[in-house]
Amino acid sequence: MNDEELALGNRAVATPVLNGQGYAVAAVGVALQTIQFSREEIEKRISKSVIACARNISDDLQMLAMSMDVSMDHFVNQNKVNWSFNSNASR
């Protein structure tokens, strides 16, 4: 957990999405305002949801790679997926 290390008033939680060999190929994370969520609430509730989400994505990507008979590294590298979102980006 990032507890106001980069910006005052913000906390963040992130965890890797792993391939079948245990290598990180992506990540899932959330950023929250300290006035809305306590550190304890993030640790007890939000972190568990972020971890569960990353595990589900890891499992789904691994099953997809197996059904395509390719490694997950090949799948990610070939499709160059970028699922990041920046709400502050200009449109």
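Any read-out appearing in this document is the output of simple, stated calculations on the displayed coordinates, not a laboratory observation. Since we're looking at a predicted model, the values are computed, not measured.
Numerical summary
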{"read-out": "Integer Hz, Karplus 6.51/-1.76/1.60 couplings in order for region 53-66, x for Gly and Pro", "value": "4, 4, 5, 4, 5, 4, 4, 5, 5, 5, 5, 5, 4, 5"}
{"read-out": "Karplus-derived HN-Hα couplings along region 34-49 (A = 6.51, B = -1.76, C = 1.60, θ = phi - 60°), whole Hz, x at Gly and Pro", "value": "5, 6, 9, 9, 6, 4, 5, 5, 5, 5, 7, 10, 5, 4, 4, 5"}
